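The values are calculated or read from the model by the stated rules, or taken from the named source; none is laboratory data. Bear in mind the structure is a predicted one, so any value in this text is a computation, not a measurement. Cβ placement follows ideal geometry from the backbone for every residue including glycine, while neighbour counts extend to all protein chains displayed. The accessibility values were calculated without ligands, DNA or RNA, using every heavy atom of the protein model including side chains. Shrake-Rupley method; radii C 1.70, N 1.55, O 1.52, S 1.80 Å.
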Amino acid sequence: MKRQIPLMLVLTLGIIYFFVPLVSIPWVVDNLQYEVFNKWLKIIGVFAVIMSVASLWRRNAVKIKRKSGDYAYSYLELIGMVLMAALAIIAPRWNIGNGMVLGGIGGNSVYNWIFMNMQVPMQATMFSMLAFYIASAAYRSFRARNIEATLLLITAAIVMIGRVPLGENIYQFMLKLNGGEAAAFQWSRIFDFQGITQFILDVPNAATKRAIGFGVAMGMLATSLKIIFGIEKSWLGGTE
Amino acid sequence: MINIIQTTIGAILTLSIFSFLYKDNPLYRIAEHLLIGISVGYIIGQQYHMGFMNYVITPIFKEGQLIYLIPSFIGLMYLGFFSQKTSWLIRFPIAISLGIGAGYGIPYTFQASIFIQLRETLTVFSEPGITGFGIFSGVLFLLGVFTAIVYFFFSWKHRGVVGIVAKVGIYFLMIGFGASFGLTVMGRISLLIGRFLFLFKDWLHIIS
Amino acid sequence: MILKRFGLVLLILLCVFVIPFSQQSDRVAGISGLTVEDFKYDHGASVIIKFKLSPDDNISLFDYDKEKLAAVYTEESEDGVTVFELSPEGKLSAYEILQSGEKNEVAITDENSLLKKNPVRYYRIYAKIGALAEEDIDGGKYVNPDGFNEIRNISIIGLPKYTYEQSVLDDIALKDKFRLPYYNMTNKEYEVRIKNLDDYKELLLNSLKEEKKAIKAALKAGDLGKEEAKADLAELKTRLKEAKKNFTMSFTVVVESASGILTFGEYYEAIHPRVEWINLDKSWVYLFSIAFIIMLLIVYKLTKGGKEYFIRPIAGLSAVEEAVGRATEMGRPVLYISGLSSISDIATLASINILGQIAKKVAIYETPLIVPAYDPIVFTVIREVVREAYIDVGKPDAFQEENVFYLTSAQFAYAAGVNGIMVREKPATVFYMGMFFAEALLMSETGNQVGAIQIAGTDAITQVPFFITSCDYTLIGEELYAASAYLSRDPLLLSTLKAQDYGKQVIMLIIIIGIILELMGVHWFTYILQNIPD
């Protein structure tokens, strides 16, 4: 029963919802689509946040209790979480000057202030560090010296030059050497980085995206069907 | 005053995160754990107000729409997670989300990922007044699509003709990926410049 | 080491050369090159990048692939420029910035606007398009005395007609205009389908109510005579009655040719919409879906009956065994990242299936397996899957519960946490399976720095190049979905791969036939596909 009922649920709902987009009877559209997607699934999902709190709490509590390694940092995690949660949920909406409010999640709340001035800069910094990582990743594939990595890197370099003013400058210079637009043999075309970039994006890039897209669609369809028909059931987690 | 405090806090945290580029150090650790804690707390606040109050408390207790007790009950089954004996309860809400998602996704995937893509592929030569270069591009495009699809065939041995075709396919894939790589670089660098501007302009006022 | 050397060089270069000259890019900082795929948007927590946009800016908010980058409008406004915050998902955004010609337009796609309030419903309406004279159309070819030749398409655009502030309505209405390709224009009575009629109706009724209020206010203020007001109200009443029953649309004939677009014949007609019960334009989608399902089930049944199919090896998956063995030899843990998506994402399910297989291999050697989860629901499933794997191979005591945990659901906070885990725990092997966004390279580069063997698999096309450059093996797209079947070596699961191959062969066949027909001038095949809504 612990396995059969969930499997039956998936099968029944899977089959019903397979046909839902086909039907546009008002009752079906209003209830099975609108209500379920906008309300029911959201309500069901809301409760999952409890597990995230529990897991974070337990992980850090265990660390602190065992005094293992860097357990002092665990306090920081707990303080951060509890502070933000308390400000959002429990704290009274007192005016604390400077136009700010202690509790709640409004635009002028302390909760939002911490988010904007601590979480956002840190996340943006993490994001910006990608510039360094991209450089080292490129350097590594440059050293790899196999034909695939070389192709990838050369294309990347062309596209990069094609996207900055430098590419256009090189082309204009080469065009001048070539004798301008009127020249019979336009060898300078091979330096037209913008044009080449556009060609790469329109042809090989678009082609591979499409090919991968078809494959991914097939994989998704097969996986969905395996789940609906109970062929793949590892999501159940247990065997009993 | 509050402006200075707020940019200083932001700047210190920014530098702490950047310090990871050199090596792992206590400053980075402080920032990292603080970030994780705050971000989880932020999610709790959002979920409480935007989710729990909006979708559960207000409709059920203030507006008396008792029908929403059913999804709430299903959602509460997640709490079975806390004991090994009841952990099977969480399969019910998951089964419901999965069944609905998987079933609804099949026609959608067909429509968006196969039919619409097919439509775009079939009309490669249909541009009015297509030039020789256009035809060449179209042929190359189709070659790319076909060879890359062949590369993904699981039941064909990559030997002989299929092997060569798959090899061409992987070259196409690499050129395609290279283009994505190249496109991203400038965006990432401008992000980094954005952070530096925050440090040098908003915080230190070195550049105006 | 490479990272440090490169990072420092780049840092110095930036400080010396770029920053002093970067005043221009201040406004654009953080925009160019970003795509929707870079972000993971969950629970309202996302990266917020502010940028300014003034009316004469020429910033393209599309990248080359025309993928839309949405922006949430904020109330702030500094020196006449608008400050936007980027949000990764269009559906959550209030405003969308479109590039048209050289200027940026801001189109309203407000979630709270009337259009999104009502569920999408299709209506079938019948209308006689009177403006189109019979002699104008000759077997689908438009004949125009002004030498308006090389007709590409003739279509009719229908717009709902209201008495409401027109500038707002135009934006909304244009989104839902419908077009009839000329193949369909042989009958004089046209059958068209329209979406969101309820919203238009509501707008219309609201505007009529507003008018009523205005008349009453005018009467009170004395701007309007009693008799006039009475007549106006009576007229309004009939209009309201009419609006509740019928609906007026305007039809415009549009001729597109090589030399431009010509519209003529605006024509209004009251229509009598009827709700459709079946979405007929989805019939082809369903035909193919059902055919695929049947094929998959046949292949499955044949395999159950003992038929075997050849499945070629995949390098990244053959290496799993070796990668796990290496961790055991070195006495270091295995790290598994299950992607940054929810349980309803099929890629996450594929990832969970793969984790089940890998956890079994890891459990045999009693090597620690660290799984930081991004999504709370995925976390609960993962915990059970890993526990089960340890029980399955008969080592339930080796399962360490604290190694499978929820980290956070904020994209870059998650990346920061994973980076921390990597430098401290020094995993010998790292797996990245599932859906990834811009944070992918942050994690995989750090993994590379600590010397781990890395195997990645994702269907996020934009992140594949970064995994290729920083990981030892990368499963591309469909290979991710095939991975759990490969690892399990279960012939029944492997059989679905054969079905996928058949599906791809059908796709290739359709492309070949379609292009040949298109070149021969037979358009009905493409037309079927064109009729499927986006």
**Asked** Only one of (1) surrounded by 15 or more Cβ atoms within 10 Å (Cβ to Cβ); (2) in a helix (DSSP H, G or I) fails for residue A:103. Which number is that?
**Response** (2)
**Asked** Pick from B:101, B:144: which is modelled with pLDDT of 90 or more and either open to solvent by less than 40 Å² (accessible area, probe 1.4 Å) or touching a Leu at 6+ places or on another chain (Cβ under 9 Å) (or both)?
**Response** B:144
**segment B:44-92: number of residues that are open to solvent by 30 Å² or more (accessible area, probe 1.4 Å), in a helix (DSSP H, G or I) and among the basic types (Lys, Arg)** = 1
**Prompt:** Condition test on residue A:173, is it open to solvent by less than 50 Å² (accessible area, probe 1.4 Å), assigned to a helix (DSSP H, G or I) and not charged (D, E, K, R)?
**Reply:** no
**Prompt:** Would segment A:58-68 turn up any residue that is of a type outside the set (A, V, I, L, M, F, W, C) and part of a loop (DSSP other than H, G, I, E, B)?
**Reply:** yes
**Prompt:** So which residues in segment B:111-135 are aromatic (Phe, Trp, Tyr) and either touching a Leu at 6+ places or on another chain (Cβ under 7 Å) or closer than 17 Å to residue A:229 by Cβ (or both)?
**Reply:** B:115, B:125
**Request:** Take residue B:149 and decide whether it is within 7 Å of another protein chain (Cβ to nearest Cβ) and more than 30 Å from residue A:16 (Cβ to Cβ).
**Result:** yes
**Asked** Does residue C:528 satisfy the condition of being of a type outside the set (S, T, N, Q), surrounded by fewer than 23 Cβ atoms within 10 Å (Cβ to Cβ), more than 9 Å from chain A (Cβ to nearest Cβ) and not in a strand (DSSP E or B)?
**Response** yes
**Message:** If I ask for residues that are at the interface with chain A (Cβ under 10 Å from one of its Cβ atoms) and either touching a residue at least 40 places away in the same chain (Cβ under 8 Å) or of a type in the set (Gly, Ala, Ser) (or both), which ones from segment C:473-482 would you list?
**Reply:** C:477, C:479, C:480, C:481, C:482
**Asked** If residue A:7 satisfies every condition in (1) surrounded by fewer than 19 Cβ atoms within 10 Å (Cβ to Cβ); (2) without any contact (Cβ under 8 Å) to a residue 40 or more places away in the chain; (3) more than 7 Å from every other protein chain (Cβ to nearest Cβ) but one, which is the exception?
**Response** (2)
**Request:** Kindly indicate whether residue B:197 is among the aliphatic types (A, V, I, L, M) and either surrounded by fewer than 22 Cβ atoms within 10 Å (Cβ to Cβ) or touching an Asp or Glu at 6+ places or on another chain (Cβ under 8 Å) (or both).
**Result:** yes
**Complete:** Per the filter on segment A:11-44, residues over 24 Å from residue A:229 (Cα atoms), within 29 Å of the chain's Cα centre (by Cα) and open to solvent by 20 Å² or more (accessible area, probe 1.4 Å) are A:34, A:35, A:38, A:39, A:42
**Request:** Name the residue, out of B:95, B:112, B:179, that is open to solvent by 10 Å² or more (accessible area, probe 1.4 Å) and at negative phi.
**Result:** B:112
**Prompt:** Which residues, taken from segment B:8-43, are facing chain A (nearest Cβ under 7 Å), over 21 Å from residue C:442 (Cα atoms) and open to solvent by 20 Å² or more (accessible area, probe 1.4 Å)?
**Reply:** B:9
